[in-house]
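Take a look at the structure below.
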Amino acid sequence: KISIPDILTPAGDTSVLAAAYGPAEVKVSKEIYDRATLDVLIQPKVGLPSVRERAQEQCVRETCEASLLLSLHPRSSLTLILQLIHDDGSILSCFLNAACMALMDAGLPMSFLFCGVTCAIDVDGQIITDPTAAQEKESRAVMTFAIDSKEHKVMMSSTKGSFSVNELQQCVAVSQKASEKIFQFYRDSVKRRYSKIL
Amino acid sequence: MKETLLSNCERDFLLQAIAEKKRLDGRQTYDYRKMKITFGTDYGCCFVDLGKTRVMAQVSCELVAPKESRPNEGIMFFNIELSPMASPTFEQGRQSELSVKLNRQLERCLRNSKCIDTESLCVVSGEKVWKIRVDVHVLNHDGNLMDVASIAAITALCHFRRPDVSIQGDEVTVVSPKEKWDERYPSSDHVFFLSFCRTYLLVDPCEREERVMDGLLMIAMNKHREICSIQSSGGIMLLKEQVMRCSKIASVKVSEITELLIKALENDKKARKEGGRCGFAESMPQERITALKFEETSVEMTDVAERASDVVQGAEAPPLMVPSPVVPVPGVGQVGLGLQNTWGLEEEDDDEEEEAEECANRGEEGEEKVTKMEVERHKKDASREGQFT
């Protein structure tokens, strides 16, 4: 099940290209006896991957590992490569969405889908979803949540800035609502993709 | 991942077909695949597709101190990333032979041909020059990477805009970008890939054809029909006529590709002037069934505030774990009182205080952790004793 790179997730101007390879042979040093080994690689546009990419990779990897049925492919490797094409804000949620669509397209078994939503709280206390880079810079706090498709619960959260508990819960609620739209988009695009084949 | 081997029958089929002047995708022996050049949102970002081979190039610049041997010249840096996305055989570490070969060839072609006038990159002689960095990412590998990479690099360089610089005394400030890139030397160098299978000559091999080829002749030529570099690799020996023929083919192709490049640049300039949205997202064909576009929609947020406050009230109060920090002595911070030392050794007061700071953030959990460690230690001792007796 190799998915040749074709998944492009532009959100406004932010674009990410995702490719999923697997299940394939794994190096003995990396193999896990009862599960597949998931490798996430985030390639920035300029320069080599650095600490920031590693942090983002960890967020994406933990989310994917929670949703993939890794025990169905022991001693195999699943590789997910995310290439940043253009960053105009909400980059982590773009990575998450692209990752989920690539895994879906590759046909890897998952127990549920997930999506990423970014919220920003600006200086007035207003919540903005899917902020652009300019909006992110001027906001007081930026949070990204990974929401699952079955129970709409939060799988992963990554926040930056200061905010109150109430604001956090509000952002979570907003993200849960926004995630419904994203899942509908997933359904529509999968339907279109396979409409010609089926 | 290991490369899948090419079976013998596939190899024989390919060679036989080439002997009969037939190629896998029905092209003629000197035909190029369909090439498409598009640009990204930023200046200096371009995508080049040649059939299924896809490459993205991005140019960026920064002000640095120049090399000591050349204080008047700017610095150019090329980097081809063979992303694991391009082929499952590409690993993240860059040591592979192919990657080194591509990097060296690209550098040789573009640096030595002087397609960019490096002296124009100088801002303050001996102190500040522009360092131009070209990153080429290979997104999909279906043969002929060198060609596509060089076209992408050149196109990105043509497309790039260097920021304006104003110098006041010792200070150099960079003003927002929009200045036209100034290349003195017409830059359209194209590397041109020719592969040889036995005695047959193919232009623009796809991945399968690359696997069965015997040797490779690479010609880099600019639009003035001057050869910038030639490289011949593989075990073949070429006759003079063959080399001449190849260079003639190269000159024809170079002019075609240069035309395409200029047209693409003009289209992009026009689109930007009209203020339309340009970028990778826009360049993807929208009419294809696999493409889906979603307009900006607003999210309903009416009952969000009530939901949030419900959740907050329903949640338990956070445990009073961490007491506020205390400064007993200047230079010493202390949070909490720390725990009883469980090593069972005689220690001085200094150690206790050090430990107090270390145990600071653990609070209640610390106690459980410590007892667990103690239990484990006892278990370990017991088992060790069991082993050695």
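A cut-off of 5 Å between modelled amide H atoms, ignoring neighbours fewer than 5 places along the same chain, links residue B:161 with B:44. Listed cross-link partners A:137/A:160; B:223/B:248; B:36/B:269; B:36/B:101; B:223/B:253 are compared with a 18 Å cut-off, the Cα-Cα value being larger for B:36/B:101. Remark: accessible surface ordering of A:33, B:43, A:21 (largest first) is A:33, B:43, A:21, probe radius 1.4 Å. In the context of the full protein assembly, residue A:76 retains an accessible surface of approximately 20 Å², using a probe radius of 1.4 Å and ignoring ligands and nucleic acids. Each residue was assigned an accessible area with a 1.4 Å probe, and for residue B:223 the value is about 90 Å². Exposure check, 1.4 Å probe, all protein chains in place: residue B:98 carries approximately 60 Å² of accessible surface. Ordered by 1.4 Å accessible area with all protein chains kept, B:129, A:190 run largest first as A:190, B:129.
Think of it this way: in chain A, A:59, A:64, A:94, A:100, A:115 stand alone, with no other Cys Cβ under 4.7 Å. For the peptide A:35-44, the mean number of other protein chain Cβ atoms found within 10 angstrom of a residue's Cβ is 2.
The residues of the stretch A:7-197 present an accessible area of 43 Å² per residue when probed at 1.4 Å with all protein chains retained. Interface burial in the stretch A:151-174 reaches 20 Å² or more for A:166, A:169, A:170, A:173, A:174, comparing the full protein assembly with the chain by itself; accessible area from heavy atoms with a 1.4 Å probe.
Can you pull the mean other chain C-beta count within 10 Å for peptide A:81-89?
Average per residue, whole number: 5.
Here the ratio of the Cα radius of gyration of the stretch A:128-184 to 2.2 N^0.38 Å is 1.13.
Cα centroid separation, the stretch B:84-150 to the stretch B:222-277: 17 Å.
Chains B and A together bury roughly 4100 Å² of accessible surface, counting both sides and using a 1.4 Å probe on protein heavy atoms.
Working note: 222 nm ellipticity from helices only, DSSP H runs with n ≥ 4, each -39,500 (n - 2.57), summed and divided by the residues of chain A, gives -12000 deg cm²/dmol to the nearest 500.
Other residues lying with their Cβ under 15 Å from the Cβ of residue A:121 contribute a combined charge of -3, Lys and Arg counting +1, Asp and Glu -1.
Summing +1 for each Lys or Arg and -1 for each Asp or Glu, what net charge is found among the other residues whose Cβ lies under 12 Å from the Cβ of residue B:246? Neighbourhood net charge equals +3.
The values are calculated or read from the model by the stated rules, or taken from the named source; none is laboratory data. Since we're looking at a predicted model, the values are computed, not measured. Cβ: placed from backbone, ideal geometry, glycine included. Neighbour counts: every protein chain shown. Side chains are part of the model used for accessible areas, which takes the heavy atoms of the whole protein and leaves out ligands, DNA and RNA. Shrake-Rupley method; radii C 1.70, N 1.55, O 1.52, S 1.80 Å.
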